[in-house]
Amino acid sequence: MQLRTAFFLLLIFLTGVTPAFASEHYQEQIDHSENMVPLLGYRWDRDSIHVCIYKDQNVPNSYYVWAKLAVQDWRLALREYTDDQEAWNLNARFVKTEELMQDSCNVRIHIYDTYKDFAGYPDQTGAYTSATYNRGIVQSVDVYLSPKVLHGDGHTDIDLPAHAFRNSATHEMGHVLGLGHMAKIDGYLMSPQFDFWTHSKELPITSLELRTLVQAYGNDGFD
Ligand SMILES: [Zn+2]
């Protein structure tokens, strides 16, 4: 018996899971109270999506890394789910100034010190996404993130714990790809809220979001 086979058999023995069936980059849908994610009425029609990430100088570098990981997580999950390592080209890069986020950036992620710097403030006081589209096809998207958001009481600033920021980065990227909000207020990745006291870590991308995207785009990428 080859060493590799022996290792897999040992893994099955120890965990009861066949490694070939375990997905690495997404989880199976956990909550079945809803079966589809509503769509926002726009979609991409291009081979690759270039995401540019700007952050204010005072925002620690880890927030940039988390935003970049959110982009990568969707790419890895879509590729694994559809078993296509060539499609779903979603790439993120750092840009030093907002002026550099011009034509070559399909998605512009702005990470500011505080929600008070958001383009949509004072209406927008938490992470949000704003898309420009024509006849249902996306032209560009802006995503606004900040480690500091406003509490629902309307006057208390909240410094988001890392897992809450990461959850909102992945959630907003879901909007970028065309996913809307679930009816259930909390518990799904695309629920409108994330209670970071009840959830000790960010919610995973699941087969629910991926199935919805594949129904919208087909099996072979964004174009
Ligand atoms: Zn949302």
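The values are calculated or read from the model by the stated rules, or taken from the named source; none is laboratory data. The shown structure was predicted, so the numbers you read here are calculated from the model rather than taken from an experiment. Backbone-built Cβ (ideal geometry, glycine too); neighbour counts: all protein chains shown. With ligands, DNA and RNA removed, areas are computed over all heavy atoms of the protein, side chains included. Shrake-Rupley method; radii C 1.70, N 1.55, O 1.52, S 1.80 Å.
For this structure, a couple of remarks:
- A 1.4 Å probe run over the protein chains yields, for the chain, 54 Å² of accessible area per residue, whole-number rounding.
- Net length gained if the chain between Ala183 and Glu86 were fully extended (0.36 nm per residue, minus Cα distance): 31.6 nm
- Estimated FRET transfer efficiency (His151, Asn61; beta-carbon r; R0 30 Å; 0.05): 0.70
- Exposure of Leu39 as accessible area (Å², to 10), given a probe of 1.4 Å and all protein chains: 100 Å²
- Ligands, DNA and RNA left out, the accessible area of the chain computed with a 1.4 Å probe is 51% carbon and sulfur.
- Largest first, the three principal axis extents of the alpha carbons in the chain are 63, 39, 35 Å in whole numbers.
- Mean ellipticity per residue at 222 nm, deg cm²/dmol - from DSSP H runs of n ≥ 4 across the chain, formula -39500 (n - 2.57): -9000 deg cm²/dmol
- Of the GluC sites (Glu not before Pro) in segment 85-120, those whose Cβ has at most 14 other Cβ within 10 Å and which sit in DSSP loop: Glu86
- Paramagnetic reach from Glu28 (point 7 Å along Cα→Cβ, amide N under 11 Å) across segment 53-83: none
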